[in-house]
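Coordinate-derived values only; no laboratory data. Since the structure is predicted, the reported quantities are computational estimates derived from the model, not experimental observations. As a convention, Cβ positions derive from the backbone with ideal geometry for all residues, glycine included, and neighbour counts pool all protein chains shown.
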Amino acid sequence: MELLKEIAHISGKPGLYRILKPTRTGVIVETIDEKKGRTVVGANARVSVLKEISVYSDSEEGSKPLPDIFAAIREKHGEKVEIDAKNASETELREFLGEVFPEFDREKVYPSDIRKMISWYNLLSSYLPEVFEVKEENTEEEKAA
């Protein structure tokens, strides 16, 4: 999941982006889809790196990192989440997240957040499956040690 350091969400823009390199006025990003379109995002844009995002929790820690949630989704649902995030009801979305992260804070985590997680997971699984392979290799190395 170390590749998630290079993957970002840009507020106000759909989808996910791979951060390529910084410029004087911002950063060059590439879309994560079949088009692979490149653009420069200004320094005033809100760019959120997926590795640094976490989800509110009722537990003592207070939150859980998004990469850990993606790993749990991978274990339960495999390569693709079959829920239609755009048309799913609030109850279905909360049940889905409850399966993979039972202690999520139901007051602070909104259905729109769960929709984003599902769409991001499916995007990454389709176009950057190596994001998940890195985590699997690490766990195999840990088991061997």
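Can you name the residue in segment 84-105 that is part of a loop (DSSP other than H, G, I, E, B) and under 16 Å from the mean Cα position of the chain (by Cα) and is also nearest to PRO129 (Cα to Cα) among such residues?
Only one residue fits best here, namely ALA85.
Does PHE70 qualify as being crowded, with 18+ Cβ neighbours inside 10 Å and more than 15 Å from the chain's Cα centre (by Cα)?
No; evaluated as a whole, the condition is false for this residue.
Just to verify a result, which residue in segment 18-34, among those that are charged (D, E, K, R) and either surrounded by 14 or more Cβ atoms within 10 Å (Cβ to Cβ) or over 20 Å from the mean Cα position of the chain (by Cα) (or both), is nearest to LYS51 (Cα to Cα)? Let's see the steps before the verdict.
In the first step, residues of segment 18-34 are kept if they are charged (D, E, K, R); the result is 18, 21, 24, 30, 33-34.
Next, from what is left, pick out any that are either surrounded by 14 or more Cβ atoms within 10 Å (Cβ to Cβ) or over 20 Å from the mean Cα position of the chain (by Cα) (or both): 18, 21, 24, 30, 33.
Details: ARG18: 12, LYS21: 17, ARG24: 24, GLU30: 17, ASP33: 19 Å.
Per the stated criteria, the residue is ARG18.
Using the structure shown, decide if SER48 is in contact (Cβ under 8 Å) with a residue 24 or more places away in the chain, closer than 21 Å to PRO67 by Cβ and either of a type in the set (Ser, Thr, Tyr) or surrounded by fewer than 16 Cβ atoms within 10 Å (Cβ to Cβ) (or both).
So SER48 passes the test.
Right, ASP84: in contact with a Phe, Trp or Tyr (Cβ under 8 Å, 6 or more places away or on another chain) and charged (D, E, K, R) or not?
no
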